[in-house]
Structure formats: structure tokens, C-alpha cells
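The values are calculated or read from the model by the stated rules, or taken from the named source; none is laboratory data. Quick caveat: nothing in here was measured; it's all calculated off a predicted structure. So basically every Cβ, Gly included, is an ideal-geometry build from the backbone, and we count neighbours across all protein chains shown. Note: accessible area is taken over every heavy atom of the protein model, side chains too, but ligands, DNA and RNA are not part of it. Shrake-Rupley method; radii C 1.70, N 1.55, O 1.52, S 1.80 Å.
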Amino acid sequence: MRWRWMLTWLLCAALTAGLLSVWRARPEDLGNAASVAGAVVGLFGVLAVWAWRPGPRSGRSSSQQVDEAAQVLARLVLRQWQDEAVLRQLFDPAPLPVVWSDSALPGVSDHRELIGDPITCRADATQELAAAFRGLPRRRLVALGPAGSGKTTLAVLLTLALLRDRSANEPVPVLLSLASFDPSRDSVQTWLRRRIAADRPVLTETDTYGPTAIEDLLADGRILPVLDGLDEPPTPGHAAMLAALNDTLDAHAPLVLTCRTTDYTAAVAAAGVLAGAAVVEPTPVHADEALALLRLATPPGPRQERWDALAGHLTHHPQGATAQALASPLMVALARAVYADAPGDPAELTDTGRFPTPAAVEHHLLDGLVPVLYTRAHRQNPAVHRWDPHRAHRYLGYLAAGLQRRGTHDLAWWQLYRWVPSVARSGLRAVVWGTAATMISFPLFLTQVDRQIGGAAVLATLLEISPWVTALIWVLAVGSWSTTRPWGAARPVAAALATSVCGGLAGGAVSLWVEGAVRGDVDASAASLVQSLLRSACWIGFSLLMILLGSGPPTPPRTPSQGAFTLRHWRRRLRRAAATVGLAAVFGGAALYLYGVVKLYGVADETTWRTAWPYGLVFGTAIGTGPAVLRWTRDTATVHDLTTPLSSIRADRLVALANGVVGTLLIAVSGAAMDAFEGADASIADHRPAEVFTWSLLHTGAVGLSLALAAYAWPHYTAARVLLAARTRLPWRLQTFLADAHRLGILRQVGSVYQFRHARLQHHLATAHTRTPPR
């Protein structure tokens, strides 16, 4: 708040100094200078209100609100992972009986006095698993193991076990993937808060749970982070992540962490052990237990006999390649998908010449997973599952290769634009949006310029919309640049003001060139040129500023928008909506007054200066109503909503389209108000208000639509998806394809992102796609 207050006082000081200098230099112009001062004072009043307003996160959530938030969080997490466990077939027919016990590796766990007695538990005995965890003195556990050893499965089973018999005072286990955590950018608490808010947006509903529900849950130790995959980010960051967990979290706060053994030992060597945490490792799966589970998963009948040949082979070759491969829970799950749920014959795994090593068995099962699953799905329901297995394999390979190149396991739909250079680069993106705005407005505006379409009409149309398109490109480019700077991210209002000023000056310069060099309508004197430039910049810049303040920075957001439109808690929100309309009215009056002063400066006794405030108040009320209604009716989510990639896309699309409509109408109202107030263009001023508004809508509506949409994730995702589908890299119905892959068990869903079922599967598909160039 301090910097906002200092800014308003600096503006006031600059205003006073300017008046004194005018009075000393030219006393006869003091009246005109005072008129300018009146306009700036109006803007100063708005800035003062803005400077004194409380922060968006002022106040604290009550204890009752925090208790309700904890209960809602527990229900949502339980529902999410129950559904995910069904899709992963963790309880069908039963969890694989993997035994977890204290690690024998030296130097990876804390002192025995701090972690308690050695523990041993089975993954298929969920009550025993929860009891073993609750018996730890600090309730801190690290699960180690090689790739495919069942670490993620243990995390899911432990989360469900703790939630099913959770007492009211116990922390809520929240399973999160560490793939998106970067300790160089965020603290652990900041990352946890952002991830929980993104996956459970209902907790950010301030009217129900207060402004600090998630922060209070984390600060009070009422959330148990179950962090899966310390090894998922790039290797150099493992030690930094472990150090961040030790340095920023309370050593007595409960925590569960999973990691590959080799990566964890390297991280411990550089950063030390996780304080107060017991470390467990799994024992290899016994061949008899693996075969028993595979037999249970196979339907009764002749297909049961196909396991006999494999059972005999494992008995005679207990240390063979197939036996070593099936000691991994991941390989057992793949064998079930390829043989137990499909008509394949597991007897082929007894061919030692074809499978001389465990890696050969693993590659065979990974190669067969995707074709088998899609072939089976197509056979069971051809009307729904229409994906060709080979084409689906190619799509999945492209996705896996893209994730591998970016060093992540999270397939976040709002980051897909980074895969397309023309959408990822801010400069090219600005040109693309400017071209789109021109293509939208050109046919509509062209019909209003001349009934007989010809070369003159085309040129006139391009000249008419060129200032606004230029301003749009500059705003998009400068806005993208400012968000990458610390001051731009921390001062969004100041960034929006600076961005709109740059866009207004650029558009004003083009407008001045059109009026002067092309039409010859501008006086060539320096004072007249500056006056015309400021007038156009004021008009264009203010119109763009109103959209930026309502929609946000014109760049792809870090996280997508959430929620829907509802009248829940409408009484609490009505005051904020009324305040928005009031401030917009005052701001509009001051801005239109300043516009009139700049345009008519030097004309004595001009009555237009007095009529600017009434015009501006009506104009400001009109442009403030749209954003106020959106803020009034917008709700984050409901307690019954589970955040999925599809629901996240729908929510962001709804908010983006609603703000796009508001932006279109807002910039049209702004243009109509300026034209009506100015009255300079007789061809427009002589018409009725509806015709003036229609003219302005055709003139600038596409610019407002483009600028409003550029602040949301869905338009950028749609552009990237269409371009990738046109290049046959991905299917046209991308989300349908991903949801189908999730139902088949190829992908897993973590909140609003998808991940491959296992990192090994992602690496295998990426390698195969890299070796096989696309057609």
C-alpha cells in the first residue's frame, strides 16, 4: 500500500509544480492550466481511493471457516483418489502384496531416536499401512525404490487409508506430484498453496472460507503433503528440493516423500537426510504372488490355462529374465494389461532366445501396452473408441517426447502453447493476435465504408482500423514483456497503466500519420501535432486500459481461470460490484474531461469542458457495469466439483468468452462516448446513438475482443491445438483422446493435469517416437 500512496503524492507534487511554472511563465494561461489541473485532480481522487483500498488478501479466515475448508478438502481428495484407484485397478482384484520395511542403506534416514522403531507393512493391508504410519513419532516417511517398484501406488493407498478413518483433528493427506516444484522460484509453502488452490479452487472462495483458508491449513499443520516423485524434476534440482523441504517446513510437520533410491542417496549426500523421516524400501515381488494376482485378474475358463506354461518356466528358472522382470509391480501391471485383460498368450515370455534379459521383457510389455489397450477398447465398443491403435501410439509418442524435451511429467493443457513457436514467442504472438483482429474487423467494417467494395474502400478500411490494430500489437508485446519483470508481476495496476500508455502512443502516432500524411487533415504546426497525438493516445490508451484492468495482463496466465457464474453470496458481492461501477464512473468522467481539455486547450470559455463530466459519468458507469456484473456473479467452484483437465478447460473458456464479450462492448462504448462527446465527425455525430455504437463496435470491437481473450489460457491452448492438429501431430479432439487414454490406464490424472501412467512408459514412448520420424 505504501508505494501506491507515494505514487499519488508524487503525482500531486508534479501537478503543483506544473501550475507554478505556468503561472510564472504565462500568467494569462493560468485559467487553462487550472482546467487541466481539475482533470488531473479527478484522476488523483480515483488514485487516492485505489491507494487506500485494502489488499485483496486482507483479513483472516475464521476458525470455523478453516474447519469447514479442512472437511471439504478431505472429501474432495478422497473422491479424487478413489476414482483414480478404480481406473488404475488398484483394488481389482486386490493390491499387489508388496512388503515395505526399513531401508538397509546407510546414511539415508535420521537418527533412530527420532524416527522410532523399525516398521514393516504390506501395501495390500491398508489398515496396517495407516497404523504403521500413525505409529511414527513425527509421521514422516520416505519411500524409496527403483523405477516401477510401486512407490506411487503406495502413496495412493496410504492417502486413501488415512482418509477413510481420519479423525477430525488429523491432517488431511494431499497427494501432489513434485514435477512442477522449482525451489529457485518458489518456497515450499508458496508452491503448496498454489497447487492446492489450482487443484481445489473451491477453497479460494473467500465468501465461504475466508481469504486465508489454505494458508491457515498449512500453517497449522492440518495438511499432510504426500509428495510423489522427488526424482521427477531434472537431476540438479533434487538436492535443492530436499534442502528446501528441510529448511522451510517444520521438522515436526507430517510429510510423505517418494523417490528413486539412486536419486535420493545422491540428494542426501549433498543436502542431508529428511529430518525426522523413516525410510522404507520394498522387497521384490515373489513370482508365486505375481502369478496368483494375474490368475485372479483373468476371467475363468480356458484362458486360465495359458498361465500354466509361464508358471512352469518360472519354477525352473527362478532367476531368469522373466522372473526378474515380474519382480517389479509395474511389470506385473503391464503383464495384466497385455495378457490377463487381452487375448494375448503369456507363454511367449518363456522364450529365452527372444527375451534374454529383463530389459527385453520390459520393452516387449511396454511396446504392447498401447496397441493392446486400444484394440481391446475398439473391440468392446467400436462406436465410442474410434482411435486407430497405431495413430494413437504416434500421438502418445509425440506427447511423451514433448514432455521429455521440457523435462517434466505434467501434461498441463494451459502450457501447450509453448510447443508452438508462433504462439510461444511474445513478439510473434502479438502479430498473430493483431492479424486475427484485422481479419475479424475487416469484413464487417468494410461493408460500412462503401457499398461498392473496391480498392478505395479496402484502403480506407485498413487506414481506419490500423491505429487500433497497432495499439493492440504494442499492448500485447509490452504486456508480455512487463509480466516477465519483477515489478510487472508485483504491480499489475502500474503495469497495466504503462502498457496502455505505450499502446495509446503507438496507436496515436499511426492515427496522426493517417490523418496528416494520408488525408491531410492535421495542421503541420508542432503544437497541433502534439495535441492530436495526445488526443488520440488518450482515447485509445484509456479504452485499452479499461480492458486490461478487467481481464488482466495480455499474456498466457501461469494457471487457468476457475469457476462458474452463480448468484451465491450475492449480497456480499453487491457492495464490491457497486464500488467497481462507482470508481469506473469517476474515472470515466475525469478521463473524458482530460480528453476535452487536451483537444480544446487554448479555446476560451469552451462549454464542452463543463459537459465532459456528465458525459464521462454516464460513460464510466456503462463501462464499469460489465466487469462489475462478472465479478458479482462469478464463483470459484462448489464443494461437489472435482477439478479435472476437462472441467478446467470449460471453466477457463467460460470466463474467457464472458470477458471477451465485455471487452468488445467496453471498447465500443468507449469509442461511441468519445465520438458523441467530440462531435467532430459529422457523418457519425448526425446519426442516432445506436448507429454511433454500431459504428464503433465494427471499428474497434475486434481489438477489444482480442485483448480480453489474450489474458486467458483457453484461446492460446486452442490456437496451439489447432496448429498441432493441422500438422497431424495431435488429434483434433485432443481432450477426448486424452480422456480416453486416461480411462484405458495409459495416463493418470492429477488435478487438472495428465501424467503418463509411469515415468518409464513416458521415456519408452518418447524414445520410440524420436527414433521413428513422423510421416
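Where q = 0.19, 0.21 Å⁻¹, what log10 of I(q)/I(0) comes from the Debye formula for segment 333-374, counting one point per Cα? Calculated log10 I(q)/I(0) at the listed q: -0.51, -0.62. Each of the peptides 75-87, 206-218 was scored by the mean count of other Cβ atoms within 10 Å over its residues; in descending order, highest first, they stand as 206-218, 75-87. Modelled label positions at THR770 and THR248, each set 7 Å beyond Cα in the direction of Cβ, lie 3.1 nm from each other.
Between the beta carbons of ASP367 and THR190, assuming R0 = 45 Å, the FRET efficiency works out to 0.60 to the nearest 0.05.
So, for segment 283-405, what is the accessible surface per residue at a probe of 1.4 Å, expressed in square angstrom? Don't skip to the end; give the middle numbers.
On the way: 5660 Å² over 123 residues.
With the other protein chains kept in place, segment 283-405 gives 46 Å² per residue.
What is the Cα convex hull volume of segment 348-431 when expressed per residue in Å³? Could you put the intermediate results ahead of the total?
Working: hull volume 12.3 nm³, N = 84.
Expressed per residue, the convex hull around the Cα atoms of segment 348-431 is 147 Å³.
Given the Cα-Cα distance of ASP182 and THR728 and 0.36 nm per residue of separation, how much length would full extension add, in nm?
Details: separation 546, 0.36 × 546 = 196.56 nm, distance 3.28 nm.
Net length gain for the segment: 193.3 nm.
Please work out whether segment 84-214 counts as rounded, prolate or oblate from its C-alpha gyration tensor, where a ≥ b ≥ c are the square roots of the eigenvalues and a/c under 1.5 means rounded, while otherwise a/b larger than b/c means prolate and anything else oblate? Each step should come with its number before you reach the end.
On the way: a/c = 1.68, a/b = 1.41, b/c = 1.20.
Prolate shape, in that a/c is at least 1.5 and a/b is the bigger ratio.
Treating only the Cα positions of segment 255-347 as identical point scatterers, give the base-10 log of I(q)/I(0) from the Debye formula at each q in 0.14, 0.16, 0.19, 0.20 Å⁻¹. Here log10 of I(q) over I(0) equals -0.62, -0.71, -0.85, -0.91.
Provide the gained length on full extension for the span ARG122 to ARG79, in nm with one decimal, where the gain is 0.36 nm per separating residue minus the Cα-Cα distance. Working shown, then result.
Details: separation 43, 0.36 × 43 = 15.48 nm, distance 2.33 nm.
This chain segment gains 13.2 nm when fully extended.
Modelled spin-label separation between ASP165 and ASN381, with each label point placed 7 Å from Cα along the Cα-to-Cβ direction: 3.6 nm. Histogrammed with a bin width of 5 Å, the alpha carbon distances of segment 707-756 distribute as 5, 19, 19, 22, 21, 11, 3, 1 percent, first bin at zero. From most to least packed by mean Cβ count within 10 Å, the peptides 321-330, 129-138, 760-769 give 321-330, 760-769, 129-138.
Subtract the Cα-Cα distance of PHE91 and ALA578 from 0.36 nm times their separation in residues, and report this length gain in nm to one decimal.
Working: separation 487, 0.36 × 487 = 175.32 nm, distance 5.34 nm.
Gain on extension, PHE91 to ALA578, equals 170.0 nm.
FRET efficiency for the ARG354 to HIS111 pair, using the beta carbon distance and R₀ = 60 Å, is estimated at 0.75.
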